[in-house]
Each structure stands twice: as structure tokens, then as C-alpha cells.
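The values are calculated or read from the model by the stated rules, or taken from the named source; none is laboratory data. Since the model is a prediction, treat every value here as computed from it, not as a measurement. Virtual Cβ from ideal backbone geometry, glycine too; neighbours counted across all protein chains shown. Ligands, DNA and RNA are excluded from the accessible area calculation, which covers all protein heavy atoms including side chains. Shrake-Rupley method; radii C 1.70, N 1.55, O 1.52, S 1.80 Å.
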Amino acid sequence: MHIRIGYDIVVNVPVPTPALLMLSVRPERARDMIAPDTLAVDPSLPVHEFVDTFGNRCARLTLPEGSTRLYANAIVKDSGLLDEVDWLAPQVGIANLPDDALQFLLSSRYCEVDEMIPIAWDLFGYTQPGWGRVQAICNWVNQHVAFDYAKARPTKTALNVYTERVGVCRDFTHLAVTFCRAMNIPARYCNGYLGDIGIAPVDLPMDFNAWFEVYLGGRWYTFDARHNEPRIGRVLIARGRDAADIPMITTYGSQTLERFVVHTEEMPEANIPLFKPLASVS
């Protein structure tokens, strides 16, 4: 299948302000891009692109005083398959983990692993190590945390989510990642596009989504505590230890978000033209 993806964002800053963007699809999907998700900036500005230590595509620029529009339109080819499920995937002992997986067992900005080890073992110590344990964690988070955009805040940590029992997809993900790490399962935070493909349309504004990956049986698998079911058409933008590693937009100064629109939907034909860009910022 082919999926149309894109975003249209307007940021307003009071003075010229350096910014870091992580809005581009991961390099691993480059061969699937029928039309690339090239960053467009209005007004036109110099942009420096690089790949960070986690392998994410990043862009640096200095936003001028006033409003700047950031947008992209793309088409990506996708298998159309659901997220893979393998109930036989075993947990890997720490001594046998690859070196680069060890960092995903540690505490990070939003994942207080050390503080939540007793809680995790009390809740999930009875479960069989492996896929079933991770699924039990997803089930618990999905059933005990309510989704509410109004209760989101940028400082909310996994321990806050556990205590308050409410949040958005990044909060579901931080809590599940923390539980996994506390149970000695490497887990890394992911964000990207996830449309309503293969499910009934959801009556919520389209947004970027957060999910996570765990290392089981010698490879990484996708899990999603927010939706808690295999889905079609995930398009990964970035992965890291938690949301602090992969913010969509970082401005090194104050900013106001004036527009935030995300598009992701299945296309019936690969040659359908991209949607017409919105009017330029005045």
C-alpha cells in the first residue's frame, strides 16, 4: 500500500531563535519513499541537516522574528501488514545482550527506572519472561491510564503517569518503557506517523504518535501501550531513550505554536497527487 504523510506547522518567535527539528522519516525507510518528505520552510531559510547518535534525521535552522511555516508532503510505500507478534520471543539475559542495547535498560529523563523497580516487580514479577511479560505491561498501562489531551504536560515522567493515571500517548509509552527496563528488558522510545488504517476512524485530531520497541529473542519488536493492538502503517520518524532525545521541535528561546496539522492516510493509487499546500504565512 501507499501512505500519504506530511505536516504543516507554524511557529512564532519574538526574536531570531535557533531551532532543532526532528520531523523527517528515519533513513531506514528511504527506499520506501515514493515522494520524499523534504522539509520546506516559509520564508526560505538556510537549513543544516545531520544524523544524530541514534540514527535520526535532524535539521538545524534559525527562525526569524515572527511566524515561520514548516511543512512537508510525502508518499511512502508500506507492506500493509500488521505489527509483528511473536508470543514465543524470549527475554534475553543481560549477559547476552548486544552492547548497544544496554543503554535502553537505564534510567533517563522521563523514565525513572531505579525508583520503579519495586513497583514493576510487584506488578509483573509473576509473568513469564519474554513476549508475554511485555504484553502484560502493555495491558496494565492501557487499562489503568486514561487518555486525555487536556492532562498533557511536557514535564510529566513515568512515575507521574503511574501516580496520576492519565496522559497522552507519550505518557503511556514512557510508563511502559520504564516498566520494561525495570524488568531487565531493553526498551526504546519511538515516534512517528500512525493513521487510522485498518480500523474505524477515530474522532480525534490527527497527530504524531508515540510507541516503543523492545529487544526480545535477538531483535527489536514494536509494542504500543496506548492502542494496545497490532496496527498497520507505522512510519517511524525517530527513536531514543525517551521523548527528551527526540523532540519534534526544539527552540532555544520562547516560541508560540500557531498551527499544527499532521496528515497520514492510505492512498488508493500510488500516482494520486499530493495535497495542495496551505496558503503561505502572511
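Side notes on the structure shown:
- Percent breakdown of C-alpha pair distances by 10 Å bin, ordered from the shortest bin, for region 7-67: 19, 50, 26, 6
- Rounded to 0.05, the FRET efficiency of the residue 222 and residue 257 pair, given R0 = 30 Å and the Cβ-Cβ distance, is 0.60.
- Rg over Rh for region 134-282 works out to 0.99, using Cα positions for both radii and the Kirkwood form for Rh.
- In the chain, a dipole from Cβ-located charges (positive for Lys and Arg, negative for Asp and Glu) runs towards its positive end, and of 198, 267, 253 it is 253 whose Cα lies farthest in that direction.
- Averaged per residue, region 146-214 has 35 square angstrom of accessible surface, using a 1.4 angstrom probe with ligands and nucleic acids left out.
- The solvent-accessible area of residue 34, taken with every protein chain present and a 1.4 Å probe, is close to 90 Å².
- Computed over region 227-270, the alpha-carbon pair-distance distribution with 5 angstrom bins reads 5, 11, 16, 20, 22, 13, 8, 5, 1, each value a whole percent.
- Built from the Cα atoms of region 184-234, the convex hull projects on average onto 4.0 nm², one quarter of its surface area.
- Residue 100 contributes about 100 Å² of solvent-accessible surface, heavy atoms of the protein only, 1.4 Å probe.
- Compactness relative to 2.2 N^0.38 Å, alpha carbon Rg of region 100-141: 1.23
- Here the chain yields Rg over Rh of 0.97, to two decimals, using C-alpha coordinates and the Kirkwood radius.
- Column: log10 I(q)/I(0), Debye, Cα scatterers of region 72-118, q = 0.15 Å⁻¹: -0.77
- Computed over region 115-192, the ratio Rg/Rh where both radii use C-alpha atoms and Rh is Kirkwood: 0.95
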